[in-house]
Amino acid sequence: MKELLFPEWRGRDLDGVLGACLDLLEDTRFPTAKRWKEAGGKIVGHFQVYFPEEIVHAAGLLPFKVRGAPIHAAQADSRFGSYLCSIVKSSLELALSRRVELDLFVTHPICDAARNLAAIWGRNVRYPCQILYLPQNAGSPSAPEYLRGEYDRLRRVVEEVSGTRVEDGALRDSIGVFNENRRLLRALYTLKRESPWLVGAHEAYALLAVGGLIPREEHNALLAAVLPLLAERPARSQDRIRVVFEGGFCEQPPIDLIRSIGRSCYVVDDDFLVGMRWIVSDVPVGKDPLGELARAYLERSTYSPVQHDARKPKERMLLERLEGAGAGAAIVAAAKMCEPGLEEQVAYVHALDAARVPHFVTEFEENMTTFEQLEIQLETFVENLLFD
Amino acid sequence: MNHLPEQASTEIVGRANREGARLFRVWYDDLTRAAEEGRGAAYVFVMGSLGELLRAFDLPLVFPEINSLQTAVRKVAHEYLNEAEDFGYSPDICGYVKADIAAQRRDGRLPMGRIPRPKIAVLTNACNTYIKWAEIWERMYGVPVCVLDVPGSRSDGPLPGRGDRDFENDRTYVAAQLRELIAVLEGVTGTRFDVDRLREFLGHANRMNRGWNRVLELNRSRPSLFNALSDGTIYLGVSNGYRGAPEGAAYFDELVEEMEWKQANGIGTLVDERCRLVFVGVPCYPIFRRFTEFFTEHGGTFVNSTYLWFASGGSNLGFQYDLDDPIESLAEGLLLGVRDSMDSMFFPTNALARMVDEYDVDGVVFHPIKSCRTVSTGLADNRRALMERRDVPSLFIESDMMDRRVVSEAQLKNRIDAFFESIESRRQIASARHG
């Protein structure tokens, strides 16, 4: 694809670039996906949290991160019962309302609702819908080989959709593109951590999240252009507490909620869209790219409530994240009706209590529109800390 | 109809329910003794319990799902739920998990007896809540948590089997994990693995699997021989608690005998069976008996259910282990059984349509519950898909398996009464049409 999918940010100053990213993120018509389709491209939608996008990229398809949207699930509502999180409904609504037209949809057993998505979508759309199994027995010596086989299966499915072979050479090239993306995102998070006054929480979020909507080469170009501009931003440090936001691994809080938090705190680290940053260091570009991707998922990865890995107890990982970011407090959030998030919240709270780390516990929903009450509660929390 | 001596009839009819209750008492008595003697147990779940293997290490089996549902049936679940919620667990998460957390905080005390603490937790990824649940024990007790990845179907359609590249990838992985688990079990119990003991328990499981499969088949009889919801839950309890045990195998032999006897003598579970139903989901345990009565009062009986399918740990398939190749065969049985369990929740449309035909069904009841998203998420869509395939009335009622705060008895009754009225009205229209 030669045409740029997201040209709006180019040639603009820093505020203009960030504004374009925020606009794209809030545009529930999903213009970049439409442009890709209009140019004859095919799209693979993948549900949260992690997906080996390199395999899709190597086939010349657009990996599109399906992460719901703040829309009314008018058609999807009738496909679900009550007691479910919003993201599963709004994600299906994207397909049923044809806001996003996919050629393949892949979900993962990250939770009991998400695994159902492949079946529900499959009964409602004409393109293939699949479950990709990612290991929950992460410490098993046989897990990497199994996952390699699962990725090989995915490669064959993708080949069928694209009509082209996905050669190892193309996979190696894609891994290179994504390694560059991982490097740039690490740089963005280093900036957040070291100089949070240079990039607002909602701005950093937008810069990260647009990566799920555009080709990774374009995301790399965007980040490479923005990072130096942010570093030179004429802004000064303010007297705000440094917090880690935990609980944004799947359903995403509305951007206005992140903006609200950023008004009273510096969000110096978080797990927003953690799947985009799941692999925390470069993936070796070796002889066996699928094998390298599989090993990276297991050995070079972060944590989330939806992966079981005895080597990475989640409370310890959160405490390490807090320490690594120099944060003095945590916001422990969970999406409404999110079972893994709500269960993990209890463990996090007990661990933070034991470590005497102040924390603010809340729930959110992607289509929330009023934040006043939460903002007041958060400000009270912050004031308690500042004047303690 | 055969006319058999009344005494024979009273001995054989209802024997499985009486014997099931007895086995349950024995099971909880044994668990209570293990708890009092400070012996640890293997904590397991119904989808992939591996009872066949764990018996070879003499580990008592604790099924927290069964313990929790018992608190609901015995009408004390709310006490346990409140305790767990006071500890921080949300009203929006699985009630089974919360009841177990409260039971653990009460040192294993439950209305049926006391359960021992875990020595090890063995689970599959068939339900993601299993994993989050076991992580709680990991934190409470620091015991090994062995999650076995047992991949399910990736999409609807033909199921890959032996020789298929992807199936073999799954099978190899499951077998490797079993070998790793055996090494962990040797370490935890200090017992050396004895393959001949495993063979023995696999043999008992083979008998049970054959029996369970046959029992399900027999209920195609008209009148149906047992109620899949009320009687079926007793059978499920035995199939899980005594999986791989000689008592379990004998129980299912006798159950087959009872059902064949009832079939031969035209004895149904209802005196006047007017409506044959299929149940999709998990029962409403807080009002378990009453819930069934809502249907039986109208002459409705459940001839089959997805519950008997996914909660039997794969026994429903009738899979027979190859005793000459026990570990590889156990891996294959586990993979097929757990995959089949998951299919009942994610891709059940074809099977439900078959069930409607084979069991000559008059209506399908979908019962999504707050506590379990695994079984409930897709039910509304499944109902829609099934209605496109079969012209059969259906009912969609929501409640819970544990939490009586979301069980509205009057509302359920209204909906169920209306459902039967609609079935009756359809019958009258059909009868008028056919003159």
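Restricting the stretch A:323-353 to residues that are within 24 Å of A:Met368 (Cα to Cα) and part of a loop (DSSP other than H, G, I, E, B) leaves a set whose member that is most open to solvent (accessible area, probe 1.4 Å) is A:Lys336. Annotation note: of B:Arg197, B:Arg207, the sole residue that is in a helix (DSSP H, G or I), in contact (Cβ under 8 Å) with a residue 60 or more places away in the chain and open to solvent by 50 Å² or more (accessible area, probe 1.4 Å) is B:Arg197.
Within the stretch B:386-397, if we keep just the residues that are open to solvent by 10 Å² or more (accessible area, probe 1.4 Å) and in a helix (DSSP H, G or I), the residue that is nearest to A:Leu84 (Cα to Cα) turns out to be B:Met387. Which one of the conditions (1) facing chain B (nearest Cβ under 9 Å); (2) open to solvent by less than 10 Å² (accessible area, probe 1.4 Å); (3) over 26 Å from B:Cys94 (Cβ atoms) does A:Pro141 fail to meet, given that it meets all the rest? Going through the list (1) facing chain B (nearest Cβ under 9 Å); (2) open to solvent by less than 10 Å² (accessible area, probe 1.4 Å); (3) over 26 Å from B:Cys94 (Cβ atoms), A:Pro141 breaks only (2).
Where helices (runs of 4 or more DSSP H) sit wholly within the stretch B:277-366, those with at least 3 residues that are open to solvent by 10 Å² or more (accessible area, probe 1.4 Å) and not aromatic (Phe, Trp, Tyr) occupy B:288-296, B:326-346, B:349-358. Entry remark, the stretch A:188-242: residues being free of Cβ contacts under 8 Å to residues at least 24 places away in the same chain, charged (D, E, K, R) and surrounded by 16 or more Cβ atoms within 10 Å (Cβ to Cβ) number 0 in total. Taking the stretch A:304-322 as the range and being within 14 Å of chain B (Cβ to nearest Cβ), in a helix (DSSP H, G or I) and charged (D, E, K, R) as the test, the residues that pass are A:Lys314, A:Glu315, A:Arg316. I'd like to check something: does the stretch A:102-114 contain any residue that is modelled with pLDDT of 95 or more, more than 11 Å from every other protein chain (Cβ to nearest Cβ), at negative phi and out of contact with any Phe, Trp or Tyr (no Cβ under 9 Å at 6 or more places or on another chain)? No.
Among the residues of the stretch A:288-298, those identified as in contact (Cβ under 8 Å) with a residue 60 or more places away in the chain and either open to solvent by 20 Å² or more (accessible area, probe 1.4 Å) or of a type outside the set (Ser, Thr, Tyr) (or both) are A:Asp288, A:Pro289, A:Leu290, A:Gly291, A:Glu292, A:Leu293, A:Ala294, A:Arg295, A:Leu298.
Restricting attention to the stretch B:145-174, the residues being surrounded by fewer than 19 Cβ atoms within 10 Å (Cβ to Cβ) and either more than 7 Å from chain A (Cβ to nearest Cβ) or within 19 Å of A:Ala143 (Cα to Cα) (or both) number 13. Restricted to the stretch B:104-129, and to residues there that are away from chain A (no Cβ under 14 Å) and in a loop (DSSP other than H, G, I, E, B), the residue that is surrounded by the fewest Cβ atoms within 10 Å (Cβ to Cβ) is B:Asp107. Within the stretch A:1-47, the set of residues being part of a loop (DSSP other than H, G, I, E, B), among the acidic types (Asp, Glu) and exposed (fewer than 14 other Cβ atoms within 10 Å of the Cβ) comprises A:Glu3, A:Asp13, A:Asp27. Kindly provide the set of residues from the stretch A:356-374 that are open to solvent by less than 50 Å² (accessible area, probe 1.4 Å), among the hydrophobic types (A, V, I, L, M, F, W, C) and outside any helix (DSSP H, G or I), ordered by number. Listed by number, the residues that qualify are A:Val357, A:Phe360, A:Phe364, A:Met368, A:Phe371.
Entry remark, the stretch A:162-173: residues being in a loop (DSSP other than H, G, I, E, B) and in contact with a helix residue (DSSP H, G or I) (Cβ under 7 Å, 6 or more places away or on another chain) number 2 in total.
The values are calculated or read from the model by the stated rules, or taken from the named source; none is laboratory data. None of these values were measured; they are calculated from a predicted model. Please note: Cβ atoms are built from the backbone with ideal geometry, for glycine as well, and neighbour counts cover all protein chains shown. Just the protein is used for accessible areas: all its heavy atoms, side chains included, with ligands, DNA and RNA removed. Shrake-Rupley method; radii C 1.70, N 1.55, O 1.52, S 1.80 Å.
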